[in-house]
Amino acid sequence: MSEESTFTLDGRKVPFRDGQTIMAAALAAGVYIPHLCFNPEFPPHGSCRVCLVKVNGRMQASCTAPAMAGQVVQSETEEIREIRRGILQMLFVEGNHVCPACEKSGACQLQAVAYYVGMLAPHYTHFYPRRPVDASHPDALLDFNRCILCELCVRASRDVDGKNVFAVQGRGIKAHLVVNTPSGKLGATDFSLSDKAAQVCPTGTILSKHSGYEIPIGQRLYDRKPINVVGDVAALAVSKGGRRHD
Amino acid sequence: MMESSALIQTIRDIVQRHNKMPTRLLQILREVQDSLTWLSAEAINAVAGELGISPDKVRSVATFYSFLYTEPHGSYDILFSDNITDRMLGNRELLHYLSERLGVEINSTRKDGLVSVGTTSCTGMCDQGPAALVNGYALTRLTKPRLDRIVGLVNAKTPLEQWPREFFEVVSHIHRADILLGRHFADGAALRAVLKRGPDAIVEEMVKSGLRGQGGAGFKSAAKWISCRNAPGEVKYVVCNADEGEPGTFKDRVLMQDFADLVFEGMTVCGRVIGARQGFVYLRGEYRYMVDALKATLQSRREAGLLGEAILGDPGFSFDIDIHLGAGAYVCGEESALIESLEGKHGVPRIRPPFPTTHGYLNQPTVVNNVETFASAAKIAVQGGDWFASRGTAESKGTKLLSLSGDCERPGIYEYPFGVTVRQVLEDCGAKNPQGIQMAGPAGHMISEKLFDRRICFEDLATGGSFMVFDHSRDILDGIRNFAHFFVHESCGFCTPCRVGTSLMRDLVDKVHTGHGTRADLEEMRKLGQIMRVGSHCGLGQTAPNPVLDSLDQFPESYERRLRSTAFEPAFDMNAALEQARWLTGRTDPDAYLDEEILQGAMP
């Protein structure tokens, strides 16, 4: 490995290939940078901003920032943790996240990242938006209250499943996830639980019907170990408490 | 509503006129709405069908732009410009007056479907407000008598073409002219210069001129041109950013209205330098009133051999310009969002790098410059870089157009060499007793009296041209609140810090403004502002907290005099929340209720 192809991340040398982002290089080197809209199987999106790092003194999203030789990158500093915590708190008050009652509690990436950055309360005033659930599909339930607009289901359905079931519409705080049918109902689509789109949600927006709360509290994915050790729920097999179909 | 078959025929004709090009989607939707007054699901599906794209793509555009409606809307759509400068001129009173006279609630449509009344972000008529738009056409200098006549015209269903012309008169108040506005320019002079001396020499002059992006960002224009010129790619584009959305700015309106030839010529020179054959003017929707005149100017340039095929008889020099109209989205002033919009999509800023000079319109190398930048480039091509650089300061060459509005005797356009002090500008425009300036719009900076000796240039106070004056009779917090609401409306919603942060900031400002804020809220604003500033995806979110953060430092008294003395005040009102429960349990003591009437028996 030549001297030119590394950068430092919190003092540690991280090698990278040409064209890799800071996030991709860190991931390959086994260094965790918290993230929500990023999933290594998809091109970076850069919308949640949880993966902010300081690159040569300037804050950038590590999932979109190209890695460059000699960069000095900071990730786990109190300043950055505080900003990440603030962003998580924003996501929690924007939607309606009732963790104690949520089927995905304990196996939710949003919740796990919130714990990782030290968030213990939502802090900001809740928006309490009205977002009706969609139970029209025989096998899946859509609870829009938990959507954080990462667009992973949009991307997965369009680019992997070839079904284009989901989209984001509207502007600003009115932006929201929709189902691409005239009725707007999931039941009118050919969506299936085996779709990639059903496996990538970092929250509990897309749930399977007919089963739930099977794993007791205490034994769920992130109950014993934090997300930086366990990994993303979308990357882990169902048999291991994740969402991924093997 | 139109018959289904007629609707489809109307849409088919419109889509045909745009050669079934999906890049024309926004233009198509504007025209469909002009015919149908709003975009129904049926209309959206028909547009998608005719273009051969999925309906959700059309819907995502239709729900993004604030001038497109996916709910039933009036045949007459009246939107009051709601910038703080319109408010200073009394627009709120006029808005309520009109809504009462027309019998329509604000932000809604009258039952007969004839008319809708609402508000919109600054329409760029700050020097001749209060202003509004009717079906997208600018109305200026509104007064109650004028509104009375408008009520009559609407109720009589008089077509807009028959409304009095003076209602739509837009005047260019040029109060100070320098090298850009003051000197005569012979059409074609810059094109002759580029043909005679060659593109290399023009690049040379651009470098010497030191010209920087006049939209306010200040990137060296020559560097952009050179980067695009050297970028690999057969097809390249020139884009003129005339999406002048920063509240308080209207200098590009004046340039497009009175100096369009100069702007088009600058674009054409750029086309020759970078090797582009196609240019676009992205004109903000609020300026649709000038589209016909601009198209006529383009046509006369074609006829004069200054545009189109074989410019000035040179078969190797072809360049044409097309006009794209926006539809009410401030974020499209950001160059990559503008390009997305130009491609017919919703205007969400792209991930950068790559930058437009290598991956712009349709992923081809593209130069995006501001209107004023192109106008300056045309002059530089003729007069030379040294001539331009002889004015201004070390880092900011040439001149800057300022749009003056607010509390001053002579609002309008002022052209100054870079380096002029704020104080000088205030004297020239007749600002009596100013307490502060919102410089460069809400995204810029709030300047208090003690900073009036600072200079307008990239080294000190950079600006795209907005300059709003607040005198001592004004409450600064009224302006801050107006700006906080503006950013909520204009956030594109893509990234978390801006989408959620703008709403949180608005709520905090409102809380203080209504007398419920405490010191803890001010601290909260600073923290929130910092997250937005460093965490947002694009310049919109990064600058959205500026008015609050600046005014907390510059005008702390505007906040402090409204604060509660307690250290903390919850965001909800406990007594209001308990009112109904107290009523149900039959409490009768006066402390139980906020409203006297409830004590008399009315249910809260």
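Quick look at the values:
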{"quantity": "Of all residues making up the range A:137-154, the number that are in contact with a Phe, Trp or Tyr (Cβ under 6 Å, 6 or more places away or on another chain) and within 13 Å of chain B (Cβ to nearest Cβ)", "calculated": "1"}
{"quantity": "Tabulated pairs, the range A:156-178, first more than 8 Å from every other protein chain (Cβ to nearest Cβ), second among the basic types (Lys, Arg), C-beta under 6 angstrom, 6+ apart or interchain", "calculated": "A:156/A:196; A:157/A:163; A:160/A:196; A:161/A:196"}
{"quantity": "Some residue of the range A:84-93 being more than 12 Å from chain B (Cβ to nearest Cβ) and at pLDDT 95 or above", "calculated": "no"}
{"quantity": "Lone qualifier among A:115, A:128 - being among the aromatic types (Phe, Trp, Tyr), in a helix (DSSP H, G or I) and farther than 30 Å from residue A:192 by Cβ", "calculated": "A:115"}
{"quantity": "Qualifying residue in the range B:317-333 (condition: without any contact (Cβ under 8 Å) to a residue 24 or more places away in the chain, of a type outside the set (S, T, N, Q) and under 24 Å from residue B:256 (Cβ atoms))", "calculated": "no"}
{"quantity": "Selection from the range A:144-160 of residues that are under 19 Å from residue A:183 (Cα atoms), out of contact with any helix residue (DSSP H, G or I) (no Cβ under 7 Å at 6 or more places or on another chain) and buried (at least 22 other Cβ atoms within 10 Å of the Cβ)", "calculated": "A:154"}
{"quantity": "Residue, nearest to the other protein chains (Cβ to nearest Cβ), within the range A:42-62, restricted to residues that are in contact (Cβ under 8 Å) with a residue 40 or more places away in the chain and among the polar types (S, T, N, Q)", "calculated": "A:47"}
{"quantity": "Residue in the range B:336-351 that is over 29 Å from residue B:289 (Cβ atoms), away from chain A (no Cβ under 14 Å) and touching a residue at least 40 places away in the same chain (Cβ under 8 Å) present", "calculated": "no"}
{"quantity": "Index of the failed condition, residue B:62 passing every other in (1) among the small types (Gly, Ala, Ser); (2) more than 14 Å from every other protein chain (Cβ to nearest Cβ); (3) within 22 Å of residue B:133 (Cβ to Cβ)", "calculated": "(2)"}
{"quantity": "Members of the range A:92-112 found to be in contact (Cβ under 8 Å) with a residue 40 or more places away in the chain, part of a helix (DSSP H, G or I) and within 15 Å of the chain's Cα centre (by Cα), listed by number", "calculated": "A:109, A:110, A:111, A:112"}
{"quantity": "Residue within the range B:528-536 that is buried (at least 21 other Cβ atoms within 10 Å of the Cβ), β-branched (Val, Ile, Thr) and within 27 Å of residue A:148 (Cβ to Cβ) present", "calculated": "yes"}
{"quantity": "Qualifying position, being in a loop (DSSP other than H, G, I, E, B) and in contact (Cβ under 8 Å) with a residue 24 or more places away in the chain, among B:431, B:484", "calculated": "B:431"}
{"quantity": "Test: residue in the range B:115-122 that is closer than 23 Å to residue B:44 by Cα and modelled with pLDDT of 95 or more", "calculated": "yes"}
{"quantity": "Residue within the range B:546-567 that is within 14 Å of another protein chain (Cβ to nearest Cβ) and either buried (at least 24 other Cβ atoms within 10 Å of the Cβ) or farther than 22 Å from residue B:88 by Cα (or both) present", "calculated": "no"}
{"quantity": "Check on residue B:338, surrounded by fewer than 18 Cβ atoms within 10 Å (Cβ to Cβ) and outside any loop (DSSP other than H, G, I, E, B)", "calculated": "no"}
{"quantity": "The range A:4-26 - residue that is β-branched (Val, Ile, Thr) and not in a helix (DSSP H, G or I) and, of those, surrounded by the fewest Cβ atoms within 10 Å (Cβ to Cβ)", "calculated": "A:8"}
{"quantity": "One residue from B:344, B:333 being on the phi > 0 side of the Ramachandran plot and not assigned by TED's automatic domain parsing to the domain that holds residue B:468", "calculated": "B:344"}
{"quantity": "Some residue of the range A:156-163 being assigned to a loop (DSSP other than H, G, I, E, B), of a type outside the set (A, V, I, L, M, F, W, C) and under 30 Å from residue B:503 (Cα atoms)", "calculated": "no"}
{"quantity": "Residue match in the range B:71-80 (condition: assigned to a loop (DSSP other than H, G, I, E, B), surrounded by 20 or more Cβ atoms within 10 Å (Cβ to Cβ) and either of a type outside the set (A, V, I, L, M) or at the interface with chain A (Cβ under 9 Å from one of its Cβ atoms) (or both))", "calculated": "yes"}
{"quantity": "Residues that are more than 8 Å from every other protein chain (Cβ to nearest Cβ) and either under 26 Å from the mean Cα position of the chain (by Cα) or in a loop (DSSP other than H, G, I, E, B) (or both), drawn from the range B:45-56", "calculated": "B:52, B:53"}
{"quantity": "The range B:463-478, residues that are among the small types (Gly, Ala, Ser) and crowded, with 20+ Cβ neighbours inside 10 Å", "calculated": "B:464, B:465, B:466"}
{"quantity": "Residue in the range A:101-119 that is touching a strand residue (DSSP E or B) at 6+ places or on another chain (Cβ under 8 Å), crowded, with 19+ Cβ neighbours inside 10 Å and closer than 23 Å to residue A:226 by Cα present", "calculated": "yes"}
{"quantity": "Criterion: farther than 20 Å from residue A:37 by Cβ, β-branched (Val, Ile, Thr) and at the interface with chain A (Cβ under 9 Å from one of its Cβ atoms) - qualifying residue of B:500, B:488, B:509", "calculated": "B:488"}
{"quantity": "Number of positions in the range A:213-244 that are at pLDDT below 95 and at positive phi", "calculated": "3"}
{"quantity": "Failed criterion for residue B:454 (all others in (1) surrounded by 24 or more Cβ atoms within 10 Å (Cβ to Cβ); (2) touching a Leu at 6+ places or on another chain (Cβ under 6 Å) hold)", "calculated": "(1)"}
{"quantity": "Test: residue A:7 is out of contact with any Pro (no Cβ under 9 Å at 6 or more places or on another chain) and either assigned by TED's automatic domain parsing to the domain that holds residue A:88 or more than 18 Å from residue A:228 (Cα to Cα) (or both)", "calculated": "no"}
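The values are calculated or read from the model by the stated rules, or taken from the named source; none is laboratory data. Just so you know, these numbers come straight off a predicted model, no measurement behind them. In this analysis, Cβ positions are derived from the backbone assuming ideal geometry, glycine residues included, and neighbour counts consider all displayed protein chains.
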